[in-house]
Amino acid sequence: MKNRIAELRSERAWTQADVAQRIGVSRQTVNAIETQKFDPSLPVAFRLARLFEIRVDELFLDE
Amino acid sequence: MQTPPPADAYKAEMRATGGLAVWTLAWTASLALARFAPELWGDSRPAATWAAVMLNVLVGFVWIISLTRWLQALDELQRKIMQDALAVTLGAAWVIGFGYVVAEAAGLVDEVSVAALPVFMAVVFLVAVAAGKIRYR
């Protein structure tokens with residue numbers, strides 16, 4: 001699913017590893033979500049949204 | 001299953017991995033005991049041989065529980081990769097195993113050691129995990 005993780009991560013100068021460590025998943029998972037190879041579960045999607053301080057539907061774009 | 005909170009996720013995975021390693025070693029050791037100990041005491045102690053075999057099976061059941069807990073402790077993408085690999089392994093073992101049974105019954109192939117199946121499954125599993133890791137790289 002299309003998402004804004006790379007954009008929001010870049011704004012904060014965070015690496016994928018930084019995001020992974022903050023939400024409790026592996027760096028490979030963050031990369032796979034970012035590159036749309038893998039859709040996260042709801043708990044992980046909500047953790048990502050809380051991390052970037054936006055709503056889930058603003059982070060993941062249903063196109 | 002709920003994903004554990006970030007602070008606990010890494011610790012939970014490490015604990016589960018340690019547990020799996022311990023029970024894998026225990027199962028391997030009990031298998032070696034069941035296989036080779038009877039050769040030391042011969043046919044004179046069938047009860048001891050049965051005990052060694054039952055110990056291996058019991059440890060094996062605990063290993064299964066440990067494996068399940070390890071899968072549940074994994075990061076969700078890693079868990080998907082492992083579960084996909086397990087599905088491929090089960091399917092390949094089922095298909096190839098029964099294929100071998102009918103081919104051997106028809107005299108098309110020679111009898112193969114029963115150890116060939118777990119070795120085949122291990123190879124298939126490793127290839128499937130590698131494929132999953134590459135797919136989601």
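The values are calculated or read from the model by the stated rules, or taken from the named source; none is laboratory data. Since the model is a prediction, treat every value here as computed from it, not as a measurement. Using ideal geometry, Cβ is built from the backbone for each residue, glycine included, and neighbour counts are taken over all protein chains shown. Surface accessibility is based on the protein's heavy atoms, side chains included, excluding ligands, DNA and RNA. Shrake-Rupley method; radii C 1.70, N 1.55, O 1.52, S 1.80 Å.
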Of A:LEU8, A:ILE33, A:VAL19, farthest towards positive along the dipole that unit charges on Lys, Arg, Asp, Glu beta carbons give chain A: A:VAL19
Over chain A, with every protein chain in place, what whole percent of the accessible area is carbon and sulfur at 1.4 Å, could you tell me? 49
Accessible surface buried once A binds B (1.4 Å probe; total of both sides; Å²): 1200
Over the protein assembly as shown, what number does the Rg to Rh ratio reach, with both radii from the alpha-carbon atoms and Rh per Kirkwood? 1.13
So, R0 is 45 Å and r is the distance between the beta-carbons of B:ALA37 and B:LYS11; what FRET efficiency does that work out to, to 0.05? 0.75
Taking the Cβ of B:GLY18 as the centre, find all other residues whose Cβ is under 12 Å away and add up their charges (Lys, Arg: +1; Asp, Glu: -1). +2
Which stretch or stretches of region A:44-63 have amide N atoms under 17 Å from the point lying 7 Å from B:ARG79's Cα along the Cα→Cβ direction? A:44-48
Under the Karplus relation 6.51 cos²θ - 1.76 cosθ + 1.60, θ = phi - 60°, what is the ordered set of whole-Hz ³J(HN,Hα) values for region B:45-52, x standing for Gly and Pro? 10, x, 5, 5, 5, 4, 4, 5
If you project the alpha carbons of region A:7-54 onto the principal axes, what extent comes out on each, in Å, largest first? 23, 19, 17
Longest principal axis of chain B (C-alpha) makes with the long axis of helix B:76-105 (C-alpha) an angle, in degrees to the nearest 10, of 20
Using a 1.4 Å probe on the protein chains only, how many percent of the accessible area of region B:75-137 belongs to carbon and sulfur? 74
